[in-house]
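The values are calculated or read from the model by the stated rules, or taken from the named source; none is laboratory data. None of the values given here were measured: they were computed from a predicted structure. A quick note on method: Cβ atoms are made from the backbone with ideal geometry, for glycine too, and the neighbour counts reach across all protein chains shown.
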Amino acid sequence: MALKTAQEYIDSLRNRKLDIYMLGKKVDNFVDHPIIRPSINAMAMTYKLAEEPEYEDLMTVTSNLTGEKINRFTHLHQSTTDLINKVKMQRLLGQKTGCCFQRCVGMDAFNAVFSTTFEMDAKHGTDYHERFKKFLIYVQQNDLVVDGCMTDARGDRSKSPGQQPDPDAYLHVVEKREDGIVVRGCKLHQTGMINSHEILVMPNNALKEDEQEWAVCFAVPTDAPGMLYVYGRQSCDTRKLEDNKIDVGNINFGGQEVMTIFNNVFVPWERVFMNGETDFSTTLVERFAGYHRQSYGGCKVGTGDTLIGAVKAITDYNGASKASHVKDKIVEMCHLNETLFACGIACSAAGRKTAAGNYLIDLLLANICKQNVTRFPYEIARIAQDLAGGLLVTQPSAQDYDNPEIGPLVKKYTQAADDSEKRQRMLRYIENLTMGCGAVGYLTESMHGAGSPQAQRIMISRLIDLQHRKDLAEKLCGIQENHDIDWK
Amino acid sequence: MKTIIIKYCGGCNPVINRSQIVNELKQSLPPDISLVNDQTPKKPELGIMMCGCSSACLDREEIRRLAHEWIVVGGSYVDLFPVNPDQISLRIIQIIQEGRFDENINP
């Protein structure tokens, strides 16, 4: 059966020899590294829940390619119900991990590349779609994690790839061989990269006709020769190196972002899914971004659920939960969080079938979804900090709580309506999500992940039909004749 | 007289002018082809679903039963491929001319 257990997934990472750098040093055993392991645990949860009968309806699905039971994270959406279930699955995983569980980018990339290669082949007579199907069957049958890889280093933002003084600012083809291509460049902010088995690379943006070397889509294993990884720092990350884990806040789980360098990496032809077709770079980018903007209507909502729960808990521990303004502010948090979920569900329900047969979200509504995600988690976090109280940022360290001399006094004076350790832990969890490691995923990733706010506004302005709305208004106020009225 | 059945989606949020496209079709098709909106005694060879957006929510089994073959317009897509909105009626005629349907309805 094409499903790995969580343990099999973690074991599968141990066999991989990756060149990873962190804090100025090369990392030998990344799987057991205390800063990295929480992110592996979060990814492992995507396997664990698929094993559980309680969650299999969301987590697993029958592959349209093989007929086998597979993890939904490797699935091509076959209906709007599949699109909706994707969002629900992401909410579930956000609730279970309280962080970014990293596997969505691959799923979003599969679905974007699948439909785009089909249309590319129809226009250009290429055979990318069949190549990609073979790759995806391999991924499904081995239940692999694939990093969907888009954001380039980008150099001078005022210049397109072909105008950059350093052509490597955008990943590009540097050599074409009989057996494949060689690529060079760097992809930034790669979520869950070293926890992945494979990388699916896509171009970063729309390209001009003469920028063919940057119009490249391909897959390579994460341990391919020439791949280099530099682990991204997160706020408060070295707390994970301390013995007492309470100050980390989220004890077992965390996200991961990695600078990923392709230092002359060879890609065989059977793994190349776009090579110079600049006319399809926009389609591929918009579809991937659209799916990923939908994703945030699930994952951030699940994490938001845990933050709302944390605020409910801390107000109980503080003895403040009966105050009317506290109740009202928690209602506001729920309203904001559920609005994000509504957007995720809406862009899924209004999705459409592509020519390749898989389903695409409604791009306008997906961009609306993500635009709200760039704002609402910040407001939810602001309310969380409001209701948590100032101890959120002044609380002594876990070592002080444990100190035999000062510890009893620290506990005495941090005691409120409930046990002081409950307050200590819950405040650290809120700190994690609103300004610590977890804020990388819950806040700044909400802002910039899947495209910064302005990227959505550009898409919204392109997709909305303002003339239609103008016509509606002109008919209603009598500027245009209203042919709808044919009665006396 | 040959017939093509035209069915419309509810039109809640269209990104194309559906009736204008149908008017363009009426002007381009030969006079012995009539466009109808209701079920006919003989099941038509061809139907056209005119959906205002890409969701193409009209594309349901009970609608498909009304004709043997269908061209589905979903916003700026015709049969799932993107088409410039002002080219949609031309694309529909092109599909008909490509011979996917009964030759009797060719313009």
- Can you name the residue in the range A:327-376 that is more than 14 Å from chain B (Cβ to nearest Cβ), among the hydrophobic types (A, V, I, L, M, F, W, C) and over 17 Å from the mean Cα position of the chain (by Cα) and is also surrounded by the fewest Cβ atoms within 10 Å (Cβ to Cβ) among such residues? A:V331
- Output the qualifying pairs, or none if there are none: Cβ atoms under 7 angstrom, residues six or more apart or on different chains, first residue in the range B:45-57 and within 14 Å of another protein chain (Cβ to nearest Cβ), second residue of a type in the set (K, R). B:M49/B:K7; B:G52/B:R18; B:S54/A:R352; B:S55/A:R352; B:A56/A:R352
- Note on the structure: Residue count, the range A:178-197, condition part of a loop (DSSP other than H, G, I, E, B) and in contact (Cβ under 8 Å) with a residue 12 or more places away in the chain, comes to 4
- Query: So which of A:K134, A:K96 is within 24 Å of A:G304 (Cα to Cα), modelled with pLDDT of 95 or more and assigned to a helix (DSSP H, G or I)?
  - Reply: A:K96
- Note on the structure: Apart from one, (1) crowded, with 17+ Cβ neighbours inside 10 Å; (2) in contact with a helix residue (DSSP H, G or I) (Cβ under 7 Å, 6 or more places away or on another chain); (3) not hydroxyl-bearing (S, T, Y) all hold for A:G436; the odd one out is (2)
- Task: Kindly indicate whether any position in the range A:409-422 is surrounded by fewer than 20 Cβ atoms within 10 Å (Cβ to Cβ) and within 32 Å of the chain's Cα centre (by Cα).
- Result: yes
- Message: Among the listed residues A:V267, A:V301, identify the single one that is touching a Phe, Trp or Tyr at 6+ places or on another chain (Cβ under 8 Å) and in a helix (DSSP H, G or I).
- Response: A:V301
- Query: Looking only at residues in the range A:113-164 that are over 15 Å from A:A215 (Cα atoms) and among the aliphatic types (A, V, I, L, M), which one is farthest from the chain's Cα centre (by Cα)?
  - Reply: A:A122
- Query: Does A:T278 qualify as being in the same structural domain as A:Q164 (by TED's automatic domain parsing) and touching a residue at least 60 places away in the same chain (Cβ under 8 Å)?
  - Reply: yes
- Message: Here's a check for you: in the range B:58-79, which residue that is assigned to a loop (DSSP other than H, G, I, E, B) and surrounded by 19 or more Cβ atoms within 10 Å (Cβ to Cβ) is farthest from the other protein chains (Cβ to nearest Cβ)?
- Response: B:A67
- Condition broken by A:D147, with the remaining ones in (1) among the acidic types (D, E); (2) surrounded by 19 or more Cβ atoms within 10 Å (Cβ to Cβ); (3) within 14 Å of another protein chain (Cβ to nearest Cβ) satisfied: (3)
- Query: Quick check: is even one residue across the range A:149-160 touching a residue at least 24 places away in the same chain (Cβ under 8 Å) and more than 22 Å from A:G449 (Cβ to Cβ)?
  - Reply: yes
- Task: Considering every residue within the range B:1-22, establish whether at least one is farther than 14 Å from A:R352 by Cβ, surrounded by fewer than 16 Cβ atoms within 10 Å (Cβ to Cβ) and within 14 Å of the chain's Cα centre (by Cα).
- Result: yes
- Query: Inside the range A:8-36, can you point out the residues that are over 18 Å from A:V230 (Cβ atoms) and without any contact (Cβ under 8 Å) to a residue 12 or more places away in the chain?
  - Reply: A:D11, A:N15, A:D32
- Test A:L200 against the stated conditions and say whether it is more than 18 Å from A:L144 (Cβ to Cβ) and touching a residue at least 12 places away in the same chain (Cβ under 8 Å). no
- Item | Among (1) surrounded by fewer than 22 Cβ atoms within 10 Å (Cβ to Cβ); (2) in the same structural domain as A:L364 (by TED's automatic domain parsing) - the single one A:P268 does not satisfy | (2)
- Item | Flag if A:R428 is assigned to a helix (DSSP H, G or I) and within 14 Å of chain B (Cβ to nearest Cβ) | no
